[in-house]
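For reference, the structure is listed below as structure tokens.
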Amino acid sequence: MADDVRDEVIALLRAELGGGEIRLVRTHISLVLIGATRVFKLKRAVTLPYLDFATPRLRLAACERELALNRRTAPALYRGVRRITCEADGGLRLDGAGELVDAVVEMARFDEAGLFDAMAQAGTLTPALVAGLAERIASFHALAAPRQDSGGAAAMAAVLAVNARAFRSSRVFAPDALARLEASFQDALARHAPLLDARGRAGMVRLCHGDLHLRNICLFAGEPTLFDGLEFDEALATTDVLYDLAFVLMDLWHRGLPALANLLLNRYLDAAPEQEAGLGLLPFLMAVRAAVRAHVAAAQAGEDADKRAEALSYAALAEALLAPQPALLIAVGGFSGSGKSTVAAALSHAVGPAPGARILSSDRLRKQRFGVSAQTRLPQEAYRPEVSAEIYAGLMRRAETILRGGHGVVADAVFDREDERARTAAVAQAAGVPFLGLWLDVPQDALAARVAARRDDPSDATPAVVAAQLARGAGPVEWRRIAGEGGIAAVGAAALQAVAQAQAVAQAMV
């Protein structure tokens with residue numbers, strides 16, 4: 001499109017947005033006009049190796065795809081597609097009867113301070129928001145259409161080939177570092193190919209978001225909202241759901257927010273437990289996402305030192321994610337109110353491969369067993385001995401499966417019976433991974449006070465339950481004992497120190 005016509009289109013859109021400040025944001029494929037309450041997103045008239053927006057019809061089709069794809073996750077944010085036409089008098093009009101000149105996506109405006117990357121930078125991205133995001137992603141993936149003719153190892157090999165070509169064309173990276181990184185990727189792909197293919201056959205390859213990083217997530221109407229999905233190449237957005245999830249996990253990890261990345265993973269798996277079998281893929285998939293970010297930043301770098309540093313940091317992250325990390329099993333036990341779940345959450349990001357361990361909580365598993373939310377109180381019948389035995393047995397089965405897949409596990413339960421503690425250690429031995437048991441010691445009055453003060457908690461324990469546990473006792477506990485009556489910072493630090501020692505022993509065995 002000629003520059004003067006594009007200028008007229010922008011002038012028309014500015015007039016449509018009305019008074020007040022209107023900001024124009026340029027990306028490599030879009031022009032975005034941001035008004036007081038509405039936004040117009042205009043495709044640039046470009047042809048690139050991976051997209052073609054050269055003609056008005058192609059841009060209209062791209063806008064319609066963008067609307068359809070993003071209404072799956074953000075129906076209130078994406079208002080519609082507007083056609084720009086040239087009328088008989090030579091003037092441009094929105095949705096006129098004349099010849100098509102261009103097209104735009106109309107969106108509602110949201111507060112840019114509500115972008116998740118802005119909140120991550122400002123330190124305002126809370127665990128509650130991340131937990132809500134995890135549920136949103138899991139719901140979206142559950143409804144996404146499976147594509148059994150796509151994905152698998154071949155699709156990932158194609159991504160690696162694109163990455164390798166882009167790396168080699170860059171002047172940012174040292175040739176020996178690139179050779180080492182590419183060899184690591186090829187080794188990892190060879191190891192993971194059977195599982196990638198099996199997941200494709202099982203329907204885990206779906207039409208996903210495709211570009212799910214923190215800048216494409218916002219807080220809209222009080223809810224985490226996914227937007228700006230990849231619309232220009234459906235094949236790129238058709239991928240394993242864990243590869244989709246891996247982008248935002250990698251983004252959090254790269255920003256130095258490992259605890260939030262681990263929380264996102266665990267709440268996602270609470271909603272989609274069938275994905276646990278693929279956990280061993282995540283470090284590789286996160287590394288692929290980091291490599292994509294690395295070569296994109298390198299291509300934009302030129303003489304920009306900050307962009308070069310960004311590219312190098314993503315490449316370093318990819319290499320670190322591909323380095324072998326041993327799986328291990330950490331069990332956190334103690335009477336109700338001892339702080340087990342808090343400690344488990346505080347240390348899980350440091351257990352095993354990125355983005356940290358799967359937390360298997362007996363409280364949450366029991367709620368799942370009865371089909372209720374984690375905060376819904378269960379009747380006493382749900383705590384019959386035979387039910388509790390079933391919950392523990394299920395926890396152990398899932399832990400062993402995850403450990404055999406190469407990922408870490410933190411088991412969060414009371415573990416006040418000697419046979420349960422022995423069985424937990426036996427699971428680690430059967431999976432061939434190191435084991436560390438942590439027991440939190442807290443005085444009786446503190447236990448009862450904590451339990452009485454709980455609100456909206458997955459645990460249904462009461463002071464009477466605590467009294468019964470103490471009366472029964474735990475027998476001789478050979479696990480590492482940690483005084484749990486101090487503040488969470490002190491208790492968490494002691495637990496992390498114990499985990500670091502276990503990790504070091506496990507790493508020496510690799």
**Item:** Cα-projected label distance for Q148 with T47, points at 7 Å along beta-carbon direction, nm
**Value:** 3.9
**Prompt:** Using θ = phi - 60° and the Karplus form 6.51 cos²θ - 1.76 cosθ + 1.60, what ³J(HN,Hα) does each residue of region 351-357 get, whole Hz, x for Gly and Pro?
**Reply:** 9, x, x, 5, x, x, 6
**Message:** Net charge around A259, counting only other residues with Cβ within less than 15 Å of its Cβ (Lys, Arg = +1; Asp, Glu = -1)?
**Reply:** +2
**Fill in**
Quick calc, region 170-231, dipole around Cα centre from Cβ unit charges on Lys, Arg (+) and Asp, Glu (-), nearest 20 debye, gives 180
**Message:** Over the chain, what is the relative contact order in percent, taking alpha-carbon pairs closer than 8 angstrom and at least six residues apart?
**Reply:** 12
**Request:** For the chain, find the longest principal axis of its Cα atoms and tell me its angle to the long axis of helix 152-168, 0 to 90°, nearest 10.
**Result:** 60
**Prompt:** In region 443-494, which trypsin sites (Lys or Arg not before Pro) are in a loop and have at most 11 other Cβ atoms within 10 Å, using DSSP for the loop call?
**Reply:** R455
**Message:** Taking a virtual spin label 7 Å from the Cα of E64 along the C-beta vector, which residues in region 98-135 bring their backbone nitrogen under 15 Å of it?
**Reply:** 100-105
**Request:** Under 30 Å Cα to Cα from K41, which lysines show up? Leave out anything in the same chain fewer than 8 places away.
**Result:** K307
**Request:** Report the net charge of residues surrounding A15, where surrounding means a beta-carbon distance below 12 angstrom and charges are Lys +1, Arg +1, Asp -1, Glu -1.
**Result:** 0
**Request:** Calculate, for A88 and R215, the FRET efficiency according to 1/(1 + (r/R0)^6) with r their C-beta to C-beta distance and R0 51 Å; round to the nearest 0.05.
**Result:** 0.75
**Request:** Evaluate E = 1/(1 + (r/R0)^6) for A500 and T126, where r is the Cβ-Cβ distance and R0 equals 22 Å; express this FRET efficiency to the nearest 0.05.
**Result:** 0.25
**Prompt:** What is the distance, in nm, between label points placed 7 Å from the Cα along the Cα-to-Cβ direction at R191 and at S169?
**Reply:** 3.0
**Request:** Working from Cα positions, state the angle (0 to 90°, nearest 10) between the long axis of helix 418-431 and the longest principal axis of the chain.
**Result:** 50
**Fill in**
Rounded to one decimal in nm, the spacing of the 7 Å Cα→Cβ label points at R255 and T37 is 3.0
**Message:** For the chain, give me the percentage of DSSP beta bridges that are antiparallel, rounded to the nearest 5 percent.
**Reply:** 70
**Prompt:** In region 88-178, which trypsin sites (Lys or Arg not before Pro) are in a loop and have at most 12 other Cβ atoms within 10 Å, using DSSP for the loop call?
**Reply:** R171
**Message:** Please report the net charge: other residues with Cβ closer than 15 Å to the Cβ of A174, K and R +1, D and E -1.
**Reply:** +1
**Item:** Reach of K367 by Cα under 21 Å, taken over lysines that are not fewer than 8 positions away in the same chain
**Value:** K340
**Asked** Expressed in nm to one decimal, what extension gain is obtained for the pair A235 and A305 from 0.36 nm per residue of sequence separation less their Cα-Cα distance?
**Response** 21.8 nm
**Prompt:** How big is the charge dipole of region 102-198 about its Cα centre, in debye rounded to the nearest 20, if each Lys and Arg gets +1 on its Cβ and each Asp and Glu gets -1 on its Cβ?
**Reply:** 340
**Prompt:** DSSP loop GluC sites (Glu not before Pro) in region 1-106 with at most 15 other Cβ atoms within 10 Å of their Cβ, which ones?
**Reply:** E21, E87
**Complete:** Stretched fully, the stretch from F370 through A158 gains (0.36 nm per residue minus C-alpha distance, one decimal, in nm) 72.0 nm
**Message:** Using only the Cα atoms of the chain, what are the Rg and Dmax in Å?
**Reply:** 25.9, 91
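No value in this document is a laboratory result; all are computed from the given coordinates. What you see is a predicted model; the values in this text were computed from it and never measured. Using ideal geometry, Cβ is built from the backbone for each residue, glycine included, and neighbour counts are taken over all protein chains shown.
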